[in-house]
């Protein structure tokens, strides 16, 4: 068991009077940056860095803690590493820097700590938990020169200068810190399968003779969207399933559908043009005008907004994907590459290796077997998807746009991958090994137990003379405890900071490894593929060929340029703005750690209407383009947010600034919130008030240089954030 201590200047005496004086006189800590270092250096006339010249002072010895019994260990409380300890002086605030890195009072000046752990945003102050951030004295002999840093950076700095004994517990803690990990939202495939299981029992089927517009009277026999290809009860009436999950995963560029078939019975695509379909049973496909300005502005309030989908004629419009020039070229390159890979894959087989581990029994030991399973090609692109919009599901309106929660229907294989049953692989491997054994094709000199009749699924053992063996090496990672003061009495109490664990490594030595190609196929629920091992009670015998997910569909009024500009901006954003990462960053001008969820919604494409043929004499009305993005929740109410939530909202803007962009429309309405974390299934989100925030609406977003003439700047936008979240601690 390892013991650590939470050191604070107000908590316990320092290890020397000089160190105590330094800690008590420490001023307000600031983030560790080159600018801050230069400013303080000029003021205090500090010496150059003394790397490698640490004094040979030794910290006073601390008594070894008394060992705890197993019963005492079991009774210890477990420390929550993602909130500050109880009793520290920031009220209800959960996230702030509360640890102090112990320095040698005679230690050298540390000008800049080495780079250590960081995420995709490359910010230098990253920590896995709140216990990985410290206030740190760069110059122990100069009081008040304190900055903020992280355990991984400080441990590296102490190793550079040889100052290891004074902060031994902190260095040991830093060495146990995990690496940053890119996090993924909960598995959309699992959510789709759960929705299918529920809808198979209660789903409301679309009538086979449902009303359709003339534009839908084309043959769909070759399309997976052809209703005849669906098992009952699918296809379902749009918006009747309560199980349709939100899509929150990133879709690679090549998976954005090339063609979008939009189902718009209410003619919502005629945004702001004075046209929409108000007749619940029209005789043609063209919308009818209205003089009711309020109905045009608020389509959700129109008289027919709440009528059922099947009472309307399904007006269908065809849209096409429109990408930026850079992404269009990239997509062409990717298509060529995928076509080439598909051609090559038809020549030599491509395999996934599945290991069937060697096992020991009373008769001997089986060989290690590598099953070679033919890989399946990923979907190279999605030629077509369908979108369903309804006025009853409007989720936002702006000066130039309206946003709907829409159902997006994609090929199921784009979201739910075929499954490989490892039990089926093992059974096929066993059958092949038994065949080889019986025909004396087993690739060894001796066949111990040749007379045995093996049961189904058994793999023949190796010769009795084989020296093959399986061994396990265990590494014990000790329990780490930490002493924290009781918030009432001030006396130290022991908490479990990191539970102990045993890491086991398996080794197979002394025997051969056999590679066997197998013909086991991956199971596709759309084809009704399943086996006894994977069949789950209550699941449909055959899944539909498509899957519906919820996304946000943003439309714009005629002559508006903001939506097209916003789509271009989404495609220019750096990848890390869409990514979720473990741990926390300190992001200037903030002084407290904030979580690292994505800054912006996922982008699912910008679609424009297919233009009519040049010789067409049809009257062309304005149809809005469509931008599909992740639905990230509802606008925040800053009065209902606590201080940590406000700082996290502000950090979204600061992270956008660090990539070189100004938002140019920063307001409360453009920050949205939903229960979090997104790594958990929807039903487990929001526990203990956890939230997930996102910045939206980038129609005016640009680089600061392009906006200088408009009087906007990073400085002014940060002042707006301060005004909105007035308690954010910032330095402007």
Highest to lowest packing among 322-331, 236-245, scored as the average C-beta count within 10 Å | 236-245, 322-331
Just rank 423, 74, 206, 158, fewest to most, by other beta-carbon atoms within 10 angstrom.
-> 74, 423, 206, 158
With 0.36 nm assigned to each residue of separation and the Cα-Cα distance removed, residue 112 to residue 181 gains 22.3 nm
Using mean Cβ contacts within 10 Å as the protection proxy, how do 103-116, 140-153 order, highest first?
-> 140-153, 103-116
At 7 Å along the Cα-to-beta-carbon direction for both residue 467 and residue 713, put a label point, then send me their distance in nm to one decimal.
-> 7.6 nm
Mind giving me the FRET efficiency for residue 360 and residue 72? R0 is 35 Å, r the Cβ-Cβ distance, nearest 0.05 is fine.
-> 0.35
Just check the range 476-533 against the gyration tensor rule for me: Cα atoms, a ≥ b ≥ c as the square roots of the eigenvalues, rounded for a/c under 1.5, and otherwise prolate or oblate depending on whether a/b exceeds b/c.
-> oblate
Which order, highest average first, do 663-669, 225-231 follow once you tally other Cβ atoms within 10 Å for each residue and take the mean per peptide?
-> 663-669, 225-231
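Since every read-out is calculated from the coordinates, none of them should be taken as a lab result. Note that the structure is predicted; figures quoted are calculated from it, not measured. FYI the Cβ positions are ideal-geometry reconstructions off the backbone, even for glycines, and counts take in every protein chain you see.
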